[in-house]
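Written out below as structure tokens is the structure these notes cover.
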Amino acid sequence: MATQLFVPNFRVDECLEQIRECLEKGWTGMGFKTVEIENEWVEYTGLPHAHFLSSATAGLHLAFEVLKKKHGWNDGDEVISASLTFVSTNHAIRYAKLEPVFADVDQYLCLDPQSILQKITPKTRAVVFVGLGGNSGQLEEVSKICKERGLALVLDAAHMAGTRVNQKHVGHNADVSVFSFQAVKNLPTADSGMICFQDKADDELARKLTWLGINKDTYARTAAQGSYKWKYDVEELGFKYHGNSIMAGLALVGLKYLDADNAYRRQIASWYRECLQDAPNVRIVPIAPDCESSTHLLQIRVSNRDELLIKLNENDIFPGVHYTDNSEYAMYRSCGRCENALAASDEIISLPMHMGLTHKDIIIISKLVTEYAR
């Protein structure tokens with residue numbers, strides 16, 4: 001049987017119950033379940049605000065739009081970002097007519113604080129920190145730099161649902177954090193996400209912007225007795241980024257099991273480390289101290305990455321690569337080249353990581369990796 005990189009783990013009966021409730025009540029859009037998942041996410045993370053969205057990509061764009069409006073940033077102002085990330089991170093910066101400037105990564109494949117310091121200019125307005133694979137890297141140090149330099153900190157927490165640092169869920173030291181509940185994430189729906197601002201006014205503006213700038217959403221305009229309040233104003237040039245109750249229902253089920261599922265993912269990672277610890281040509285990307293990672297990814301580095309991928313594919317094992325360095329793409333070549341990120345981009349493999357894997361599976365995969373890695 002083929003071993004895939006990701007296989008989402010849905011509790012089908014519970015998910016169908018959530019969907020049935022939406023259908024029977026005739027409310028599948030914004031409101032109802034979206035309000036419930038927002039409240040549950042605040043309770044789970046301890047973050048002060050949470051707004052359920054159609055995707056994490058929408059959330060990242062929204063984060064930069066809100067911060068730009070709040071602080072009066074100009075078009076072309078700079079955001080220090082990672083080149084070793086999915087393109088959503090850097091697309092979102094450019095959606096807001098800001099300019100990404102790439103800083104290098106450290107041993108955790110997260111932004112290196114020293115590289116950030118070297119990239120700050122008079123036009124720098126923010127840093128976006130990508131918690132690759134669920135790893136917190138040197139997030140605390142990056143947060144200190146941002147506070148000292150008066151820079152906004154955006155946490156791209158697409159992989160970090162359930163990641164904790166010193167037993168506290170990530171997001172508390174960022175101005176805004178964006179989480180992904182996309183189809184193969186640790187908390188999977190079909191596609192959705194969550195944006196969490198620290199500031200109440202930012203959260204309120206985000207809620208307007210996600211519903212086309214309208215100052216009252218449809219759910220808020222529906223009174224308890226069913227009288228529809230049609231009158232509203234349009235105060236901003238907004239977007240259609242809000243989430244819906246079907247996706248929220250799936251998220252509500254997944255959230256119940258997130259900590260248990262993440263614990264099993266950490267067990268899988270522990271088996272990989274045990275099996276690969278003596279593999280002479282394999283380096284496992286480490287987890288930062290004090291980080292209880294969501295372990296969305298288990299990444300290794302080898303010098304013959306492409307050859308190893310072919311050998312694993314021939315044995316019905318299908319890993320992934322996260323990610324191609326964005327400076328390799330035509331539209332980001334002007335954003336800077338970073339030595340460590342480029343080297344990692346040529347070496348990294350994400351090994352299969354999902355709830356269906358067993359200890360026996362990990363032993364088989366690890367033996368093949370050890371045999372063919374160079």
Subject >> Residue check, Phe86 of a type in the set (Phe, Trp, Tyr), in the same structural domain as Pro188 (by TED's automatic domain parsing) and surrounded by fewer than 24 Cβ atoms within 10 Å (Cβ to Cβ) >> reply: yes
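Wholly within the stretch 112-215, which strands (runs of 3 or more DSSP E) include no fewer than the required count, namely at least 2 residues that are surrounded by 24 or more Cβ atoms within 10 Å (Cβ to Cβ) and without any contact (Cβ under 8 Å) to a residue 40 or more places away in the chain?
152-157
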**OP:** Can you tell me which residue among Ile19, Ile37 is modelled with pLDDT of 95 or more, under 27 Å from Val165 (Cα atoms), of a type in the set (A, V, I, L, M, F, W, C) and part of a helix (DSSP H, G or I)?
**Re:** Ile37
**OP:** Test Leu297 against the stated conditions and say whether it is of a type outside the set (D, E, K, R), part of a loop (DSSP other than H, G, I, E, B), closer than 17 Å to Gln4 by Cα and touching a strand residue (DSSP E or B) at 6+ places or on another chain (Cβ under 9 Å).
**Re:** yes
Original post:
Could you say whether any residue in the stretch 267-280 is modelled with pLDDT of 95 or more, under 16 Å from Ile19 (Cβ atoms), surrounded by fewer than 22 Cβ atoms within 10 Å (Cβ to Cβ) and not small (Gly, Ala, Ser)?
Top reply: no
**OP:** Examine the stretch 277-296 for a residue that is within 21 Å of Arg374 (Cβ to Cβ) and among the polar types (S, T, N, Q), and state whether such a residue exists.
**Re:** yes
Original post:
Listed residues Ile287, Ile349; which is touching a Ser or Thr at 6+ places or on another chain (Cβ under 7 Å), crowded, with 16+ Cβ neighbours inside 10 Å and outside any helix (DSSP H, G or I)?
Top reply: Ile287
Original post:
How many residues does the stretch 238-266 hold that are crowded, with 20+ Cβ neighbours inside 10 Å, assigned to a loop (DSSP other than H, G, I, E, B) and either touching a residue at least 60 places away in the same chain (Cβ under 8 Å) or among the hydrophobic types (A, V, I, L, M, F, W, C) (or both)?
Top reply: 3
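The values are calculated or read from the model by the stated rules, or taken from the named source; none is laboratory data. Fair warning: this is a prediction, and the values are worked out from it, not measured in the lab. Methodologically, a virtual Cβ is constructed for each residue, glycine included, from the backbone with ideal geometry; neighbour enumeration extends over all protein chains shown.
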